[in-house]
Amino acid sequence: MHRGQVSGWDPAVASRIIEARRQEPGAMLPILHELQETFGYVDRAALPLIADALNLSRAEVHGVVSFYHDFRSEPAGRTQVKICRGEACQAVGCRELVATAERRHGLTLGETSPAGDLTLEEVFCLGNCALGPAVQVDGELHGRVTPDVLDALIAMSRSRGHA
Ligand code: FES
């Protein structure tokens, strides 16, 4: 979980966020971003609240949420790992990194462990191309990451109390 997030979905907090931003031009994206920053994901229960506030249909709100891959519809694991699969990182071995991480943790990219302690995700450039393979763990960027380094980073995240 990132700093500043609240734990668990809270409709009262969500309604305050939506109410505070509903008059902004193009309010939907700022609302979705703030909901995700606050809760770590955009709960399905937020969609009708947003639709009502912005006079849109639920299908329209749902369409926006699913169009932008940054928005997640379920809580992420307490440790969040994003592995870059962009071209520059592929050239320096990210495929092996992905395969090893998936095997060691029994997850495929995009999945969260059943216990909710780890999410593995893919991204397609972290702006760290000269230092690939690049990985983000709980929002922190790391370069030249090997499978063993990734394990150490995950262990450090857990020891900080993320899991
Ligand atoms: S391609 Fe991986 S950081 Fe740019």
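Things worth noting here:
- Here the condition is being free of Cβ contacts under 8 Å to residues at least 24 places away in the same chain and in contact with a Ser or Thr (Cβ under 7 Å, 6 or more places away or on another chain); of A51, A59, A76, it holds for A51 alone.
- Hits in the stretch 35-50 (condition: in a helix (DSSP H, G or I), surrounded by fewer than 18 Cβ atoms within 10 Å (Cβ to Cβ) and in contact with a helix residue (DSSP H, G or I) (Cβ under 7 Å, 6 or more places away or on another chain)): P48
- Any hit, the stretch 109-131, residues being closer than 30 Å to E19 by Cα, open to solvent by 50 Å² or more (accessible area, probe 1.4 Å) and more than 10 Å from the ligand (Cβ to nearest atom): no
- Answer residue from the stretch 132-155, given it is in contact with a Gly (Cβ under 9 Å, 6 or more places away or on another chain) and β-branched (V, I, T) and is farthest from the ligand (Cβ to nearest atom) among those: T146
- From V98, V64, residue being in contact with a Lys or Arg (Cβ under 8 Å, 6 or more places away or on another chain), part of a helix (DSSP H, G or I) and in contact (Cβ under 8 Å) with a residue 24 or more places away in the chain: V98
The values are calculated or read from the model by the stated rules, or taken from the named source; none is laboratory data. Computed from a predicted model, the values in this text were never measured in an experiment. Every residue, glycine among them, receives a Cβ derived from its backbone with ideal geometry; neighbour counts consider all protein chains shown. These accessible areas exclude ligands, DNA and RNA; they are computed on the full protein's heavy atoms, side chains included. Shrake-Rupley method; radii C 1.70, N 1.55, O 1.52, S 1.80 Å.
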